[in-house]
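*Asks:* If you scroll down you'll find the structure; I have some questions about it.
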Amino acid sequence: MQSARSSPAERKRSCAERAGTARAQGYDKMEKKMLRTVVCVSGGGTNLQAILDGIERKEIANVQIVRVISNNRNAYALERARNAGIEAVCVSPRDYADRAGFNRALIQKTDEASPDLIVLAGFLVVIPPELIRRYENRIVNIHPSLIPSFCGTGYYGLKVHEAVLKRGVKVTGATVHFVDEGTDTGPIILQKPVAVRQDDTPQTLQRRVMEEAEWIILPKALDLIAGGRVTVVNGRVTITE
Ligand code: GRF
């Protein structure tokens, strides 16, 4: 995010700010530009479903999912996309000789959808730095803990919840953040706590974190971004009322 290669002006630029610019130029809410959004997935796609439902229920305004990309051709998330009439694309590392080839294909499949916003909704792929730089402050990730706890390299999927239970913390939760070149280090947009129960297993905790936090804050964050209410300055997010 705060890469040495980008100028301060570039660092401040985000889709949210561009939406704010549109407002300043006299567009009213109805005329506000739809954010073309690519959602990247690897598994079941319940977070993708939460976004689709949020759009359907008009709890998320000005977000249009234009493409869903998965690294896993068997991901049920791809089925959810097709059921919603959204283009579903698989970019599997198995189809490329090396990581560089996969990364190039991932970037190409993303770019050709001309996204304003990219959402990583359970995408178990290390994002190529080139993609992160190209879409600075325009890539959003959902992580199933309260960052900066239980995050970073190795903390994904059930491993997060196993570590939470092992440490014995009483509160966990989820975080939506912009993606920078670190692992789970980008500007935090929203967080929501979830109580840990004494009888939780990693599986029950994972499910409750999804139900009580992830499926709520990810759609909400997209609505805030598309509403021009999220700005990033010096690596920190401000949300305007
Ligand atoms: C979620 O727990 C998310 O936080 C993590 O991967 C899981 C994805 O679940 N990054 P789903 O594919 O959205 O159902």
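Computed from the coordinates by the stated procedures, all read-outs in this text should not be read as laboratory data. It should be emphasised that the depicted structure is a prediction, and the values quoted were computed from it without experimental measurement. Here the Cβ positions follow ideal geometry from the backbone for every residue, glycine too, while neighbour counts run over all protein chains shown.
This table checks each residue for (1) in contact with a Pro (Cβ under 9 Å, 6 or more places away or on another chain); (2) among the charged types (D, E, K, R); (3) within 19 Å of TRP215 (Cα to Cα); (4) within 15 Å of the ligand (Cβ to nearest atom).
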| position | (1), (2), (3), (4) |
| --- | --- |
| PHE123 | no, no, yes, yes |
| HIS143 | no, no, yes, yes |
| GLY157 | yes, no, yes, yes |
| VAL160 | yes, no, yes, yes |
| VAL171 | yes, no, yes, no |
| ALA174 | yes, no, yes, yes |
| HIS177 | yes, no, yes, yes |
| GLY186 | no, no, no, yes |
| GLN198 | no, no, no, no |
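*Asks:* Considering only residues that are crowded, with 21+ Cβ neighbours inside 10 Å and part of a strand (DSSP E or B), which ones fall in region 51-66?
*Replies:* VAL63, ILE65
*Asks:* Step by step: first the residues of region 200-236, then only those that are aliphatic (A, V, I, L, M) and within 11 Å of the ligand (Cβ to nearest atom), then the one that is farthest from the chain's Cα centre (by Cα). Which residue is that?
*Replies:* So, considering only residues that are aliphatic (A, V, I, L, M) and within 11 Å of the ligand (Cβ to nearest atom), the one farthest from the chain's Cα centre (by Cα) is LEU205.
*Asks:* While we're looking at this one, here's another question. Among the residues of region 139-180, write down those that are surrounded by fewer than 20 Cβ atoms within 10 Å (Cβ to Cβ) and assigned to a strand (DSSP E or B).
*Replies:* Correct list: VAL171 only.
*Asks:* Report the residue count in region 91-112 for those that are within 21 Å of GLY43 (Cα to Cα) and of a type outside the set (Lys, Arg).
*Replies:* Count: 11.
*Asks:* Grab the helices (runs of 4 or more DSSP H) fully contained in region 72-134, keeping just those with 1 or more residues being in contact with a Cys (Cβ under 9 Å, 6 or more places away or on another chain).
*Replies:* Values: elements: 76-83, 99-111, 129-134.
Helices (runs of 4 or more DSSP H) meeting the threshold: 76-83, 99-111.
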